[in-house]
Amino acid sequence: MQVLLRARSSCHRRSREQSTTEDLQKPGAMKLQRLSSDIISKLPLNTIDKILTLMPIRDAVRTSILSRKWRYRWTKIPVLVFDDKLVNGSYRRRQLKRYKLINSIFLVLLLHKGPILDFSISIGDRETVNELDQIILHLSRSNNSKKFNFKLCLAERFEIYKIPSSFFSLQGLEHLDLTYCAFELPSIFHGFIFLKSLRFRNVEIAAKMLQKLLTRCPLLEKFILIENQEGFTTGGDTCTFIELFECLPSIQVLKISETYIKHFAAGGMPQTLPTPLIHLRILVFNVCFLEKDELSSVLCVISSSPNLEKIRMEMSSNDKLSAQETSNNFLDLQDYSGLKLNHLKELEITRFSILALEMEFLKLIMVISTVLEKARIELNPNVSVDQELNLLRDLVRMSFPRASPAADVIIERPNKSRSKCK
């Protein structure tokens, strides 16, 4: 009996295995297998390149195993992005992780065959100075990069990395973004004649050095200078807003933090610049309205920019000054009665403390902006609920005359609670 059961069970098992094999060998199943394996290989090369460009470089390298068509295709992608995520896993020794990271970057650069149009590197190890110099030297030899993004992410401020002289051989750059480094022009510098976008964040540079750089970037359209608490490096040289804008004839987007505004605005400003900024569309300033020079600079730039489409003011405070120390009549609307912003569509003010000068500035912009669509006011956390209600009451009662009555005025707190008036 037991022998009979074993034989029957074995027969059933062989029958199931044979049935499964036959199912896999059916024409429909085999056709589906071939379709799924061929779909990746049959993608057009431009689609493959697009996919590889959007992938982390670590994953892009691994696609070589997919098919012959994908094999080493990553070596021709024009965009390379390197960061600390290039190497996986946790390492007990920081030196080992740094070796793995730098070795991976060098290997990719060695195997890469096509032009590197967009290069980005963001690392957090301060001991990679020599290797960074070699990487930039490698890029400068091909001299075909259009975009360069460098970021040294440090938890603490150590000796800052200085951009090497080989970097200035990248004459074809159109976009340059530098973070946490020192920037000093070589004695012979022909400029970045194709540069359109420049962003300096926590970059050490002398004022006159910056002026010299901007003078040699004739096509510059976007300039961002932010987040250096110490301002320009020492040396005694200065640069005013008038001198700065002489170097930016084609500027369209401008963002400057308060540390630099203090420097450019020293000594005050005239009501308008000698040469109007006819191309400026977007203006972002971090400014303290209790500082007379800073406020006059803001008004001067706005008055000289007839084609502004967006203004963003990030308000900052000065603990050494109080609202009572500044005359409420410092900003006289009559002085700007002839000013019109006929293209301004968006106004944004953050950390708005409802000080008298801030209120006068808001009234001014509202009365000279004929096509304004949106005004967003984010209140300072210190503003009380009663002060907020008074502001809303003024807006509803039309105590603020508007050239564009249809503009949406949105009052927000940092926690995103919102009040809206028409």
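The values are calculated or read from the model by the stated rules, or taken from the named source; none is laboratory data. Because the structure is predicted, anything quoted here is derived from the model rather than measured. No Cβ is skipped: glycine too gets one built from the backbone with ideal geometry, and neighbour counts run over all protein chains shown. Note: accessible area is taken over every heavy atom of the protein model, side chains too, but ligands, DNA and RNA are not part of it. Shrake-Rupley method; radii C 1.70, N 1.55, O 1.52, S 1.80 Å.
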**Cβ-Cβ under 8 Å pairs, at least 6 apart or on other chains, the stretch 46-64 side without any contact (Cβ under 8 Å) to a residue 24 or more places away in the chain, far side of a type in the set (A, V, I, L, M) and assigned to a helix (DSSP H, G or I)** = Ala60/Leu52; Thr63/Leu52
**Asked** Taking the stated definitions as given, is Glu204 acidic (Asp, Glu) and touching a residue at least 40 places away in the same chain (Cβ under 8 Å)?
**Response** yes
**Message:** Tell me whether the stretch 364-381 contains one or more residues that are in a helix (DSSP H, G or I), surrounded by fewer than 18 Cβ atoms within 10 Å (Cβ to Cβ) and acidic (Asp, Glu).
**Reply:** no
**Message:** Cys181 - would you say it is buried (at least 19 other Cβ atoms within 10 Å of the Cβ), more than 16 Å from the chain's Cα centre (by Cα) and under 22 Å from Tyr161 (Cβ atoms)?
**Reply:** yes
**Message:** For a quick check of your reading of the model, give me the residue pairs whose first member lies in the stretch 71-92 and is part of a loop (DSSP other than H, G, I, E, B) and modelled with pLDDT of 90 or more, whose second is surrounded by 13 or more Cβ atoms within 10 Å (Cβ to Cβ) and aliphatic (A, V, I, L, M), with beta-carbon atoms closer than 6 Å and at least 6 apart or on different chains.
**Reply:** Ile77/Leu52; Pro78/Leu117
**Message:** Can you say whether Ala403 is in contact with a Lys or Arg (Cβ under 9 Å, 6 or more places away or on another chain), at pLDDT below 85 and open to solvent by less than 60 Å² (accessible area, probe 1.4 Å), as far as the supplied structure shows?
**Reply:** yes
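Of the residues in the stretch 158-185, how many are farther than 21 Å from Gln252 by Cα and either without any contact (Cβ under 8 Å) to a residue 12 or more places away in the chain or outside any loop (DSSP other than H, G, I, E, B) (or both)?
If we filter the stretch 158-185 for residues that are farther than 21 Å from Gln252 by Cα, which is where we start, we get 158-171, 179-185.
Filter again for either without any contact (Cβ under 8 Å) to a residue 12 or more places away in the chain or outside any loop (DSSP other than H, G, I, E, B) (or both), leaving 162, 165-169, 179-182.
Residues flagged as farther than 21 Å from Gln252 by Cα and either without any contact (Cβ under 8 Å) to a residue 12 or more places away in the chain or outside any loop (DSSP other than H, G, I, E, B) (or both) within the stretch 158-185 amount to 10.
Can you tell me how many residues in the stretch 287-297 are of a type outside the set (Asp, Glu) and buried (at least 20 other Cβ atoms within 10 Å of the Cβ)? First the steps, then the outcome.
First, pick out the residues of the stretch 287-297 that are of a type outside the set (Asp, Glu): 287-290, 292, 295-297.
Now drop any that are not buried (at least 20 other Cβ atoms within 10 Å of the Cβ), which leaves 287, 289-290, 295, 297.
The qualifying residues number 5.
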**Asked** Ser142 fails exactly one of the following numbered conditions: (1) open to solvent by less than 70 Å² (accessible area, probe 1.4 Å); (2) small (Gly, Ala, Ser); (3) at pLDDT 90 or above. What is the number of that condition?
**Response** (3)
